[in-house]
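Just below is one structure, and these are the notes that go with it.
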Amino acid sequence: MEKLLRVSQERNKKINKIELLKQQHTPQEAWEKLEYYAENGFSSIPEHDLNYFLKCFGIFYRPATPERFMLRVRIPGGRLTYQQAKRLGEVAKKYGNDYIDLTTRMQVELRYIRIEDIPQLLRELEEVGITTFQTGVDNFRNIVQDPLDGLAFDNVIPTWDILLKLQDIFLKKEEWVCKLPRKFNISISGSFSNRCNVYGHDACFVLAEKDGIFGFNVFLGGKVGAVAKPADVFLLGEEVPPFFEALGRVFKKYGFKDSRNKNRLKYLIDAVGMEELIKAVEIEGGRGFRSGGITQTPVQGGDKTGKVQLKDGTFALHMVVPSGIFSGTAMIEAAEASREYGGGELRLTVEQNLYVVGVPEEKIEKLLSENVFQKYKNKTSIFFADLIACAGTEHCPFGVIPNKPDAIKMAGYLTEKFPDATGKLRMYWSACQKGCGIHGLGDIGFVGVKFRKDGQPVLGVDIHFGGTITRESDEGKLLIKNVPLDEAELYVEELVAEYLRLMKRDEPFEEFYRRVLTRLSREAVRFLIVFNNLMKKKGFDLRIEINELVLGRSTEEEEIFGYGYQIYRRLTGKAPYTRPSIMEIYDQPEPEKPSRLGVSIPKKFEKVLMKMLSKNPEKRYRVFTEVEQDLEEI
């Protein structure tokens with residue numbers, strides 16, 4: 001505790017402007033004035049409430065839609081009853097241009113809302129047990145869980161009751177509203193399958209086994225750009241709420257209040273260490289905890305597309321909502337379908353899609369013929385099935401690119417190029433570096449950027465790859481920076497082509513990444529994409545691939561040689577050397593230039609190729625950036 005106290009005091013000598021604002025005003029004041037603001041209009045709202053305190057209640061002003069608000073609605077665990085889903089659709093139609101966004105926290109966002117309508121809209125939601133409380137800024141946010149919790153065969157511990165106990169600790173409690181140093185995300189899953197990005201949150205309670213008993217391992221410090229770390233704590237279901245409350249009190253008491261960019265729970269853990277934090281939680285909670293068990297999330301299963309058989313013999317029917325762009329009309333139709341054909345319940349997912357659950361097998365065909373399933377498909381291409389995109393420039397002041405339309409456009413392009421693709425590919429899009437589209441957890445992740453090209457400002461993306469959500473998750477790696485939006489699909493096409501060419505039957509990209517792409521350097525993957533696109537632009541019928549010539553090499557120099565070996569063989573029909581390894585060509589002559597073998601090739605390109613293949617280490621390329629620089633001159 002001494003280290004925690006010392007570090008906290010040092011970091012909090014100077015507090016940020018939001019903490020100063022909290023000392024001057026309170027969220028309760030904003031809530032009490034909401035009716036006044038509604039009666040007196042937009043201009044009556046002071047800046048501190050408009051830009052901060054109203055967000056405590058899910059009321060977000062968006063300058064992109066002047067004098068209109070976005071309402072973020074808390075949907076615990078993504079579970080909606082028929083009455084709740086229908087009411088959400090009704091208020092969206094009545095107050096918000098019939099527009100709904102499904103979010104990556106299993107929530108609903110309503111847009112285009114006037115301040116004059118907000119109090120009544122909130123009352124209508126509360127009538128069916130829905131609230132917008134604490135869905136923004138420095139609060140415990142919506143708790144996510146397996147969308148098939150309590151239903152799926154691979155759900156070992158139903159977590160709904162635990163989730164409600166967690167939520168009851170803080171929801172609408174004055175001591176917790178806006179009292180944290182920063183936002184705090186929570187996940188809990190009692191399932192083998194990771195259907196809720198369970199490791200990507202500040203506090204994660206993940207199915208585990210210890211000494212033959214099933215419970216939860218604790219992982220802490222997840223955020224966009226960082227996967228939660230094991231806390232070496234194992235909890236039974238009834239121990240999760242008291243642990244969580246003690247953790248929340250420790251974060252509230254000792255969390256950093258200096259830099260808004262570095263005051264999530266992760267930074268407290270980085271500063272004092274996990275062991276010190278857990279000691280503080282034990283002291284705060286007045287009890288010790290057992291060391292961690294064996295995490296039970298390696299099993300994939302639970303494929304989200306199509307239908308999933310449930311424990312009771314009925315099915316969950318998946319509905320794909322590209323980029324989460326939904327409508328009030330569609331929500332009402334989905335609600336009515338759930339009542340007529342299923343158990344009267346919808347389950348939202350972190351992929352911005354949903355399930356209609358409890359559907360008997362004999363009713364599936366009829367359900368899929370309904371209008372809502374004609375528009376939002378039950379089965380779609382792998383490029384739409386696991387597509388996530390946060391709000392872009394149309395709705396978010398931080399967005400750099402349109403984002404949702406960009407994500408849909410790319411998915412459509414790839415579907416056209418690879419119409420019969422199987423497997424599983426998660427493409428996650430964030431419109432800016434804040435990362436609300438959880439790009440770091442995607443198989444392929446995109447971050448909106450603005451940069452200059454040929455002296456002109458250009459909208460584009462940074463492309464990441466290799467994010468994982470099974471086992472103990474890992475953050476994706478930056479692959480290519482500053483790709484113009486109109487070229488991004490061409491770059492991704494090359495990576496997808498290699499995935500589909502080399503995949504095992506129905507192999508998810510995540511497993512393909514572990515099996516294949518981790519055996520290459522990141523630079524080698526990037527070079528394949530850049531080179532193949534350059535060849536297409538120049539009209540050359542030439543393409544390099546991932547094969548034994550580049551896999552498992554220990555240096556970039558060897559990988560460059562392997563690609564060069566491929567190129568030479570494809571151009572000339574013969575191998576440059578009898579042995580495809582730079583360690584084994586010392587006694588062989590330099591290969592003939594392709595032009596001398598009758599191959600028509602630009603001289604600059606030929607020069608680059610021969611340098612890739614040179615037997616003289618002093619003349620050979622050492623790193624891919626050298627090759628790319630020379631290729632740019634072609």
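The table for this structure:
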quantity	calculated
Which numbered condition THR393 misses (of (1) open to solvent by 10 Å² or more (accessible area, probe 1.4 Å); (2) in contact (Cβ under 8 Å) with a residue 24 or more places away in the chain; (3) within 29 Å of THR625 (Cβ to Cβ))	(3)
Qualifying residue in region 518-535 (condition: out of contact with any helix residue (DSSP H, G or I) (no Cβ under 6 Å at 6 or more places or on another chain), within 24 Å of CYS432 (Cα to Cα) and among the charged types (D, E, K, R))	yes
Scope region 423-455; condition polar (S, T, N, Q) and at pLDDT 95 or above; matching residues	SER430
Residue check, VAL492 farther than 22 Å from GLN629 by Cβ and under 25 Å from the mean Cα position of the chain (by Cα)	yes
Filter pass, GLY292 being in a loop (DSSP other than H, G, I, E, B) and either out of contact with any helix residue (DSSP H, G or I) (no Cβ under 6 Å at 6 or more places or on another chain) or at pLDDT below 95 (or both)	yes
Residue pairs meeting the criteria (Cβ under 9 Å; at least 6 apart or on separate chains; first touching a residue at least 60 places away in the same chain (Cβ under 8 Å) and closer than 13 Å to PHE398 by Cβ, in region 435-451; second surrounded by fewer than 24 Cβ atoms within 10 Å (Cβ to Cβ) and of a type in the set (Lys, Arg))	GLY435/LYS223
Filter result for the condition that a residue is without any contact (Cβ under 8 Å) to a residue 12 or more places away in the chain and part of a helix (DSSP H, G or I), over LEU125, LEU121, LEU88, LEU50	LEU50
Residues being assigned to a loop (DSSP other than H, G, I, E, B) and open to solvent by less than 10 Å² (accessible area, probe 1.4 Å) - total across region 216-227	2
Test for VAL137: is it among the aliphatic types (A, V, I, L, M), touching a residue at least 60 places away in the same chain (Cβ under 8 Å), farther than 17 Å from VAL357 by Cβ and open to solvent by 10 Å² or more (accessible area, probe 1.4 Å)	yes
GLU333 open to solvent by 10 Å² or more (accessible area, probe 1.4 Å) and more than 12 Å from PHE315 (Cα to Cα)	yes
Pairs, first open to solvent by 70 Å² or more (accessible area, probe 1.4 Å) in region 157-180, second aromatic (Phe, Trp, Tyr), C-beta under 8 Å, six or more apart	LYS172/PHE133
Meets criteria (modelled with pLDDT of 95 or more and open to solvent by less than 30 Å² (accessible area, probe 1.4 Å)) for TYR499	yes
Given (1) open to solvent by 40 Å² or more (accessible area, probe 1.4 Å); (2) assigned to a helix (DSSP H, G or I); (3) closer than 25 Å to GLY190 by Cβ, index of the condition ASN261 fails	(3)
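Each row is one residue, and each column tells you yes or no for (1) of a type outside the set (Ser, Thr, Tyr); (2) under 26 Å from GLY221 (Cβ atoms); (3) crowded, with 23+ Cβ neighbours inside 10 Å.
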| residue | (1), (2), (3) |
| --- | --- |
| SER430 | no, yes, yes |
| PRO457 | yes, no, no |
| PHE465 | yes, yes, no |
| GLU475 | yes, yes, no |
| PHE512 | yes, no, no |
| ARG519 | yes, no, no |
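The values are calculated or read from the model by the stated rules, or taken from the named source; none is laboratory data. Keep in mind the model is a prediction, meaning the values are calculated, not measured. Neighbour counts run over all protein chains shown; Cβ positions are idealised from the backbone, glycine included. Note: accessible area is taken over every heavy atom of the protein model, side chains too, but ligands, DNA and RNA are not part of it. Shrake-Rupley method; radii C 1.70, N 1.55, O 1.52, S 1.80 Å.
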